There are 2 protein chains.
Amino acid sequence: MLEKQEKIFKALSDSNRIRIIKMLQKKSLCVCEIKDILKLATSTVSKHLSILREAGLIVDWKDGKWINYKINPEPDALVSNALLYIQLQIEDDETVKNDRKLTCCVDRNKLCCT
Amino acid sequence: MLEKQEKIFKALSDSNRIRIIKMLQKKSLCVCEIKDILKLATSTVSKHLSILREAGLIVDWKDGKWINYKINPEPDALVSNALLYIQLQIEDDETVKNDRKLTCCVDRNKLCCT
DNA sequence: ATATCATTTCTATTTTTAACGAAATGAAAA
DNA sequence: TTTTCATTTCGTTAAAAATAGAAATGATAT
């Protein structure tokens, strides 16, 4: 239980991962869309997502050739409270607000099909 | 703000530091008492405490030859919510429960005066 | 003033983490 | 079935974090 809580905090202890959670709390996204907003390598974003998934904070599902990520709709108590906590925090942060603006405009078909 | 939140999560992303917070939420303690419970070197405990202090989660004050640590009584909004969150979580954890039992018995005069 | 002693800072070591590019995977499209 | 392409896994590198012992600090007590 302590280990589970530690894992959740570790997952949230990176600003890029906090940004991902804040984005996903507004809109489901695929890897290439997140990559475009965070300006990181695809493999790096994929790794961040796997850490968040391992902690139980997010889930993924296939949609055609894309894999979408969203907030875990069936979290256990620890995860549920962590998600609620982060949902209420840093709402006024400029980076977070800007990320959200960008999530509205991203177009996976333009981003990925080169 | 995002950086502040990241710092708080980083401070809480180590199980020894979670244990320290859970202990301090029950009782103020000095370094040697925490050292005795966590079974870590004094310098290591001191380092953990400085990380928690830097994040704004705890404060210290002198009491004779000891330096006591307690939960920050005047936390800002981010810290306040984080402290509340952790106060409500993992209450049933065995390690946490055992740590609390031990905090009642520790005697700094026996621990430190060798 | 000096000694004592709890704590912090410094130095070093080991482990963990973040990052990226290249190669592997696996599903969809041609 | 072969190609395409989004994503993951692997291998590597660099940076950060956890740990402990030794030395420094600083306040209390003698």
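The table that follows gives values for the structure above.
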item	result
Inter-copy spacing of B:Asp63 label points, which lie 7 Å from Cα along Cα→Cβ, given in nm from shortest upward	5.6
Solvent-accessible area per residue for the protein assembly as shown (1.4 angstrom probe, square angstrom)	50 Å²
Stokes-Einstein D for chain B, Kirkwood Rh over Cα pairs, 10 °C, 1.306 mPa s (µm²/s)	111 µm²/s
Burial of 20 Å² or greater, the range B:2-44 residues [accessible area, probe 1.4 Å, versus chain by itself]	B:Leu2, B:Gln5, B:Glu6, B:Phe9, B:Lys10, B:Leu12, B:Ser13, B:Ser15, B:Ile18
Overall Cα dimensions of the protein assembly as shown, principal axis frame, Å, largest first	71, 31, 26
Exposed trypsin sites (Lys or Arg not before Pro) absent: longest stretch of chain A, with sites in DSSP loops and at most 10 other Cβ within 10 Å deemed exposed	A:66-114
Helix-only mean residue ellipticity at 222 nm for chain B, each DSSP H run of n ≥ 4 adding -39500 (n - 2.57), per residue, nearest 500	-18500 deg cm²/dmol
Residue with peak Gaussian network fluctuation, chain A [Cα springs, cutoff 10 Å], from A:Leu29, A:Leu102, A:Leu49	A:Leu102
Local electrostatic count at B:Val31 - Lys and Arg +1, Asp and Glu -1, tallied over other residues with Cβ under 11 Å	0
Inter-copy separations for A:Lys97, label at 7 Å along Cα-Cβ, nm, ascending	4.6
5 angstrom amide H check on A:Ile67, placed H, neighbours 5+ away	A:Val31
Fraction of accessible area attributable to carbon and sulfur, chain A (%, probe 1.4 Å)	51 percent
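The values are calculated or read from the model by the stated rules, or taken from the named source; none is laboratory data. Given the structure is predicted, the values throughout are model-derived calculations rather than measurements. Here Cβ is always computed from backbone atoms with ideal geometry, including for glycine, and neighbour counts include all displayed protein chains. With ligands, DNA and RNA removed, areas are computed over all heavy atoms of the protein, side chains included. Shrake-Rupley method; radii C 1.70, N 1.55, O 1.52, S 1.80 Å.
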